[in-house]
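The values are calculated or read from the model by the stated rules, or taken from the named source; none is laboratory data. Note that the structure is a prediction, hence the values are computed from the model and not measured. Neighbour counts are summed over all protein chains in view; Cβ atoms, including those assigned to glycine, are modelled from backbone coordinates with ideal geometry.
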Amino acid sequence: MSGKWKGSDRRSRLPADWPAIVQRIKRRDQARCVARLPSGGRCPRREPQFPVQIDHLIPGDDHRDVNLGCKCEAHHGAKSSKEGTDARWGKKKITPRTEGPHPGRVG
């Protein structure tokens, strides 16, 4: 596994017919990124110039067509990175503050 997939069981949780699902979603979306730009328009990236990946629009293991869409590598990577960061922060242990003044306080 590459570094991005290291420690992940994501690939093993995909359905056996995932390659067929990928092709179906690419056909449906015309191999064009479904991400919305801040301006409200749709990302113009599409295959073959920009490879698209299949994104779970709502994170998790819902592999139904309504929850899948094409995303260009940039938009898919940004979304996946944010989800990973959010998950890591959710797992961090929060240590309570100790009593007494803040150590940076002067006087």
Item to check | Residue ID - surrounded by the fewest Cβ atoms within 10 Å (Cβ to Cβ), chosen from residues in segment 48-94 that are of a type in the set (S, T, N, Q) and within 22 Å of Ala31 (Cβ to Cβ) | outcome: Gln49
Item to check | Hits in segment 35-47 - residues which are surrounded by fewer than 16 Cβ atoms within 10 Å (Cβ to Cβ) and in a loop (DSSP other than H, G, I, E, B) | outcome: Leu37, Pro38, Ser39, Gly40, Gly41, Pro44, Glu47
Item to check | Given (1) outside any helix (DSSP H, G or I); (2) modelled with pLDDT under 90, number of the condition Ile54 does not satisfy | outcome: (2)
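Just checking, which of Ala20, Ala31 is of a type in the set (Gly, Ala, Ser), modelled with pLDDT of 95 or more and surrounded by 14 or more Cβ atoms within 10 Å (Cβ to Cβ)?
On the way: Ala20 fails: surrounded by 14 or more Cβ atoms within 10 Å (Cβ to Cβ).
Ala31 is the lone residue from the list that is of a type in the set (Gly, Ala, Ser), modelled with pLDDT of 95 or more and surrounded by 14 or more Cβ atoms within 10 Å (Cβ to Cβ).
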Next on the checklist: Asp61 - would you say it is at negative phi, acidic (Asp, Glu) and touching a residue at least 24 places away in the same chain (Cβ under 8 Å)?
Outcome noted: yes
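Given the criterion modelled with pLDDT under 80 and hydroxyl-bearing (Ser, Thr, Tyr), identify the matching residue among Ser39, Ser8.
Values: Ser39 fails: modelled with pLDDT under 80.
Within the list Ser39, Ser8, the selection yields Ser8.
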